[in-house]
């Protein structure tokens, strides 16, 4: 409706609505489900693995990016931007084609530059080696990979995040004291595919809704005053809650029953070895 359009424009930066983020990088579920590429299932994963192991590997690298980003001294916005780049990259490309252990530090390097706090790639690589003492990539690998990443991202480097909208909405609800909790929920949303499925302002509203519920505050009336699609907000809320539930379930499993990321990485390495040309 016109009311929805007007309201949305007041809580998101005006230039979001004409941005590549708005027009090119928000997908539907069907498109995303196809982005776990056939190449990966042919060469890395098996039919029995299903989508769960693909998601497990993606989530591992979101955590990896967060650890490297914090260790490199980047603030959360840079880390979140790098996660969005990483997710966008693998909408178009497969793990089989591009090693996520190289793509992750490369997109962090690009995000730092695009957010105005560039650092030498060697510093990022030092942090990679702290996280993984067997880490094998060097600066020239990042320099080469940067071009492939930029090309896959269509050079669309401006990313909009929910943080500013969350701050504004918390003030509207008189919940400013809960900012840290709301931001943590936003950070957790990047561990899902929500940033590829919904505009940031809807993720912000869902995060504020969850924050209010956490503090036992009824915000249902406030939600009704917003000219938005409440069903979409509830879909986001449910996605975040499902993520929390799955995380708890995974942590409660015995170590031997959990998905082994190391085994998946070994499969990746074997796939890379098998596609190298043999010396005659």
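The values are calculated or read from the model by the stated rules, or taken from the named source; none is laboratory data. Worth saying up front: this structure is predicted, and the values here are computed from it rather than measured. Quick reminder, even Gly has a Cβ in these numbers, built from the backbone with ideal geometry, and neighbours come from all protein chains shown.
Can you tell me which residues in segment 168-192 are closer than 30 Å to residue 32 by Cα, part of a helix (DSSP H, G or I) and in contact (Cβ under 8 Å) with a residue 12 or more places away in the chain?
Hits for segment 168-192 are 169, 181, 182, 183, 185, 186, 187, 188, 189.
When you check residue 53 against the structure, is it in a helix (DSSP H, G or I), closer than 22 Å to residue 102 by Cα, at pLDDT below 80 and not assigned by TED's automatic domain parsing to the domain that holds residue 261, yes or no?
Yes, satisfied.
Condition (residue is without any contact (Cβ under 8 Å) to a residue 24 or more places away in the chain and surrounded by fewer than 21 Cβ atoms within 10 Å (Cβ to Cβ)) applied to segment 93-103: is it met by at least one residue?
No: zero hits.
Considering segment 1-31 alone, what residues qualify as being in a helix (DSSP H, G or I), touching a helix residue (DSSP H, G or I) at 6+ places or on another chain (Cβ under 6 Å) and at pLDDT 75 or above?
16, 22 - these are the residues of segment 1-31 that are in a helix (DSSP H, G or I), touching a helix residue (DSSP H, G or I) at 6+ places or on another chain (Cβ under 6 Å) and at pLDDT 75 or above.
Which one of 157, 175, 125 is in contact with a helix residue (DSSP H, G or I) (Cβ under 6 Å, 6 or more places away or on another chain) and either surrounded by 15 or more Cβ atoms within 10 Å (Cβ to Cβ) or within 24 Å of residue 19 (Cβ to Cβ) (or both)?
Result of the check over 157, 175, 125: 157.
State which residue is surrounded by the most Cβ atoms within 10 Å (Cβ to Cβ) when the search covers only segment 193-221 and only residues that are assigned to a loop (DSSP other than H, G, I, E, B) and under 15 Å from the mean Cα position of the chain (by Cα).
That would be 198.
Return the residues of segment 128-138 that are in contact with a helix residue (DSSP H, G or I) (Cβ under 7 Å, 6 or more places away or on another chain) and in a helix (DSSP H, G or I); say none if nothing qualifies.
128, 130, 131
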